[in-house]
Amino acid sequence: MSNRTFTMIKPDATSKGYTGAILDQIIKAGFSIKAMKWTKLTTEQAGLFYDIHRERGFFGELVEFMSSGPIVAAILEKENAVEDFRTLIGATNPANAAEGTIRKNFASSIGENAVHGSDSDENAIIEGDFFFSKLERF
Ligand code: CMP
């Protein structure tokens, strides 16, 4: 069990002005921010980040969407971070997300679902390394 996970606040949420409210919910849930940046992915970068989904039917849509506007990338720390963060954000499809979760509160569809959260300790490290150098995390 690791104490770190990785998240992105996605372009739907940043464009609707939800960034502050989402960060507030994350911090109030007990996560501390170990690295954070506001940036915009190219289609190539979004494709590399989501390479594991390259063969899925929604890959093109996912890459277009994730490079359509600014995102916030962050490394978060808390005991049992990966699992607890996935509970906090709720189901991938907001229609199935539990009341009070970030996706229930802020997401509109399975594609435009407000936030990303790592699905394993291994991927949390890979995804954090994708965005942050050693100098950018504390
Ligand atoms: P995320 O947790 O960032 O990981 C992969 C993303 O692919 C997922 O959130 C969704 O936004 C997206 N995704 C998964 N399934 C679909 C789908 N059926 N249609 C469009 N996007 C999807």
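The values are calculated or read from the model by the stated rules, or taken from the named source; none is laboratory data. All figures in this text were calculated on a predicted structure; none of them were measured in a lab. Positions of Cβ are backbone-derived with ideal geometry, glycine not excepted, and every protein chain shown enters the neighbour counts. Accessible surface is based on the protein model in full, side chains and every heavy atom, while ligands, DNA and RNA are left aside. Shrake-Rupley method; radii C 1.70, N 1.55, O 1.52, S 1.80 Å.
Things to note:
- Just one of the listed residues (Ala74, Ala124) is part of a strand (DSSP E or B) and open to solvent by less than 20 Å² (accessible area, probe 1.4 Å), namely Ala74.
- Filtered residues of the range 34-64 (kept if assigned to a helix (DSSP H, G or I), within 8 Å of the ligand (Cβ to nearest atom) and open to solvent by less than 100 Å² (accessible area, probe 1.4 Å)): His53, Leu62
- Tally, over the range 106-121, of residues that are part of a helix (DSSP H, G or I), open to solvent by less than 40 Å² (accessible area, probe 1.4 Å) and either in contact with a Ser or Thr (Cβ under 9 Å, 6 or more places away or on another chain) or within 7 Å of the ligand (Cβ to nearest atom) (or both): 0
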